[in-house]
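Structure, as structure tokens:
Rule-based calculations on the coordinates, nothing more; no lab input. The model shown is predicted, which means the values in this text are computed figures rather than measured ones. Every residue, glycine as well, gets a Cβ built from its backbone with ideal geometry; the counts of neighbours run over all protein chains shown.
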Amino acid sequence: MNAPIEAQAPPRTERSHRRPVSSWREHHGWSAAASLRRLASKPVGSLLTIAVMGLALALPLAFYMLLSNMQSLGDALGRNEVINVFLKSDQVVSNAQLLAKQVEQHDGVAKVTVKTPQQGMDELSKMQGFSDSLHALDDNPLPYVLQVQPQDGLSADAASHLVDDLRGMQGVDMVQDSGTWRQRLDALLGVGNRAVLILAALFALAVLLVVGNTVRVDITSRAEEIGVLKLVGASRAFVRRPYLYAGIWYGLFSGILAVALAVAIEFALAEPVARLSQVYEGKLHVGGLPPLLLLAVPIAAAILGWLGARLVSAWQLRRAA
């Protein structure tokens, strides 16, 4: 059985002799409290609705957290791998040092290290199978090598331009670069960004539909009471207001639940991520969701809840007119 009509409206209606602004403010306060009490009066249904919406909002947050850490993972796996610049065999140490200073001034370069032919020979001699062959050589055939370390976060396009500039420098024989890996990672990040936006839009639509359907069912179950309120002079805005606040409460609580789930996922991954970071010698730094985003999610969810309730209640009340 539905609640009595008195539970649907405050003691004073819009025809109250009090000032309009005071009456409007009083009814907003009553609507917010009454809608919250109505949610509490049916805890199972309210909790299920909030849980569904919270899970829907938590999924884009989880994907965003994963995507935002792909950059750090890519750096740890070699996204900013050293670019090896092999000089021509006739280049001497002074030419190599001068060229290293020129390269270091280039945009996108963090550091340049000069590797001498003797250092290269020492590295080869430590590799299994090369030691005996190197002893048979009369001269050291290895050239000077510039090891160019790109700046952190350098994009694939910028790295490609850097490699092209290095190849065009005088005295350079060959440039060894793993640019394909950077391009693949950037392409993957681009796809991930688009996927997160699409998921966020789809789940936002899901929140609108869930709130809209909940409000529709509530309005349908109280059609007689709404009709009586209109007979005594209540406007559509007056009747609709409690349902709008119900949408806000649904959205707000589901947004808070989504943030709690996202933080729980972050804490659950903290230990394995720490072990993974140790494997990569501390190069892997995984961050959580930004605080501003965590604060914005409940607010955005409340707005979505209000919008869903606003659209459905306006349509339902127009039909009932």
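Amide hydrogen proximity for Gly108: with H placed 1.01 Å from N in the peptide plane, no residue at 5 or more positions away or on another chain lies under 5 Å. Gain on full extension, evaluated as 0.36 nm per residue between Leu205 and Leu48 minus their Cα-Cα distance, stands at 54.7 nm. Given a Förster distance of 41 Å, report the FRET efficiency between Ser155 and Trp315 from their Cβ-Cβ distance, rounded to the nearest 0.05. About 0.30, to the nearest 0.05.
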